[in-house]
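The values are calculated or read from the model by the stated rules, or taken from the named source; none is laboratory data. The structure displayed is predicted, hence computed values, not measured ones. Counting neighbours? That spans all protein chains shown, and the Cβs are built from the backbone with ideal geometry, glycine included.
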Amino acid sequence: MHCTKKVKNDLIWVGVNDRQISIFENLYPVSNGMAYNSYILLDEKTVLFDTVSKDVIHRFMENVSHTLGDKKLDYLVVHHMEPDHAAGINEILKAYPDVKIVCNEKTRTFSEQFFNVDENVNYHIVKESDTLCTGRHTLRFIMAPMVHWPEVMATYDETHKILFSADAFGSFGASNGILFTDEIDFENEYTSEMRRYYANIVGKYGTQVQTLLKKASNLEIEMICPLHGLLWRSNMDKLVSKYNNWSSYTPESVGVMIVYGSIYGGTENAAEILACQLRERGIKTILIDASSTHVSHIVSAAFQWSHIVFASITYNAGLFLPIGVLIDELVSRNFQNRTIAIIENGTWASACGDLIRTKLEKSKNINILESSVCIKSSVKEENLNQIEAMANEIATSVSTYKN
């Protein structure tokens, strides 16, 4: 049975919430599922904006059929060819064979790579700032390459002043009976999963996101409709502020993320002592076990905090795997503009401190503090002095950062 929601009188959400999915892109855990957003504009010419994942095609087609009724579908706008948004293209072509697929040239190439597209498909190829009049509405197309694939584009509805933003401004999680962010407590219920989505899916392409933000700043936007997550019709200043911070690799919060990899508790003990000392100095901290926390959550936290402490054991003459994977993930996302401290532990030949420094050399504007903590198996009295010195240096750095 169909399940649709009205965005505007002539704009209907026909997407699907998938609560059976537990791992998105076979990589990221999604305990609350995923929302796949798609929209139909009911104008003199009808327009479908994107499709959905193959796992929810049946429900999607029910929504499309119910919304269109006996109307034909004139246009299908493809903002992003990734199959979680484009898997329904062939089903749409079967049901509405005369539809024109509106996309850019790179999208057409990707479409032919992913799907067996009939050679008779009618493409309407668009470029930057091209427009399409559908009657009462004029759609303007905005290229957004590498946010986060090279063919990505957005659409601006000049009539409703709506930006259809592709994967930009999206989030993990199903939309539980609501459609807009102002229907929930945005800061406490939504920011975390939106940040995790950005940091892991889009985070590498900060420069390209900045370009899209500049283009968007020249538009009068009253609503943003992303392909995942909730829609925005208010508080957009908060949204843009967060995206500006994340895409410029500017910390969202001043404080310290302490992430540790420990086996027998010595490294964890040092990390906890440091956290307590920082709290005594009035500094916000979070403590994360890299072994029991999925790396996507830690990457997200790293995009939030101004200071990071990596605490690791030496394992097989190298880095403890969860810490090594985390740093590789951050470096691969062009992570930068952070202050770092290092706690290393080695029972005989400690190497992890130097390995962390070497990995971070690939990142820009990373300030590694001079204070370090070097443990031999477990925390001893002399280590307490090292931890205190590190806490003092971090406190000074945080104070300078605040100013």
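Exactly one residue out of 47, 52 is more than 24 Å from residue 21 (Cβ to Cβ) and buried (at least 24 other Cβ atoms within 10 Å of the Cβ), and it is 47.
Does residue 172 fit the bill of being on the phi < 0 side of the Ramachandran plot, over 15 Å from the mean Cα position of the chain (by Cα) and at pLDDT 95 or above? Here the answer is no, as residue 172 does not meet what is asked. Restricting the first member to region 255-267 and to residues that are closer than 21 Å to residue 300 by Cβ, and the second to residues that are aromatic (Phe, Trp, Tyr) and assigned to a loop (DSSP other than H, G, I, E, B), the beta-carbon pairs closer than 8 Å and six or more apart or on different chains are 261/320. The residue of region 366-381 that is nearest to residue 311 (Cα to Cα), among those that are among the small types (Gly, Ala, Ser) and out of contact with any Phe, Trp or Tyr (no Cβ under 9 Å at 6 or more places or on another chain), is 372. Across region 40-79, the number of residues qualifying as among the β-branched types (Val, Ile, Thr) and either out of contact with any helix residue (DSSP H, G or I) (no Cβ under 8 Å at 6 or more places or on another chain) or not assigned by TED's automatic domain parsing to the domain that holds residue 162 (or both) comes to 4.
When restricted to residues that are farther than 24 Å from residue 332 by Cα and among the basic types (Lys, Arg), region 171-213 contains 0. Within region 147-162, residues that are in a loop (DSSP other than H, G, I, E, B) sit with their Cβ atoms under 8 Å from residues that are crowded, with 23+ Cβ neighbours inside 10 Å and of a type in the set (Ser, Thr, Tyr), at 6+ positions apart or across chains, in these pairs: 151/107. Might you let me know whether region 110-125 holds any residue that is in contact with a helix residue (DSSP H, G or I) (Cβ under 9 Å, 6 or more places away or on another chain), surrounded by 20 or more Cβ atoms within 10 Å (Cβ to Cβ) and under 22 Å from residue 163 (Cα atoms)? There is no residue in region 110-125 that is in contact with a helix residue (DSSP H, G or I) (Cβ under 9 Å, 6 or more places away or on another chain), surrounded by 20 or more Cβ atoms within 10 Å (Cβ to Cβ) and under 22 Å from residue 163 (Cα atoms).
Please indicate, with yes or no, whether at least one residue in region 46-56 is in a loop (DSSP other than H, G, I, E, B), within 20 Å of residue 230 (Cα to Cα) and β-branched (Val, Ile, Thr).
yes
The residue of region 320-354 that is farthest from residue 263 (Cα to Cα), among those that are surrounded by fewer than 20 Cβ atoms within 10 Å (Cβ to Cβ), over 22 Å from the mean Cα position of the chain (by Cα) and aliphatic (A, V, I, L, M), is 340.
With respect to the stated conditions, residue 107 is of a type in the set (S, T, N, Q), assigned by TED's automatic domain parsing to the domain that holds residue 17, over 23 Å from residue 2 (Cβ atoms) and buried (at least 22 other Cβ atoms within 10 Å of the Cβ).
In region 92-105 there is at least one residue that is among the acidic types (Asp, Glu) and more than 27 Å from the chain's Cα centre (by Cα). Counting the residues of region 25-45 that are without any contact (Cβ under 8 Å) to a residue 60 or more places away in the chain and in a strand (DSSP E or B) gives 2. Among strands (runs of 3 or more DSSP E) entirely within region 238-343, having at least 1 residues that are in contact with a Phe, Trp or Tyr (Cβ under 8 Å, 6 or more places away or on another chain) and either outside the structural domain of residue 375 (by TED's automatic domain parsing) or of a type in the set (Gly, Ala, Ser) (or both) singles out 253-261, 305-315.
From the list 264, 315, exactly one residue is surrounded by 16 or more Cβ atoms within 10 Å (Cβ to Cβ) and aromatic (Phe, Trp, Tyr). Which is it?
Residue meeting the stated conditions: 315.
Scanning region 135-145 for residues that are part of a loop (DSSP other than H, G, I, E, B) and under 19 Å from residue 166 (Cβ atoms) turns up 137, 144, 145. Would you be able to say whether some residue in region 209-228 is outside any loop (DSSP other than H, G, I, E, B) and in contact with a Phe, Trp or Tyr (Cβ under 6 Å, 6 or more places away or on another chain)? Yes; the residues of region 209-228 include at least one that is outside any loop (DSSP other than H, G, I, E, B) and in contact with a Phe, Trp or Tyr (Cβ under 6 Å, 6 or more places away or on another chain).
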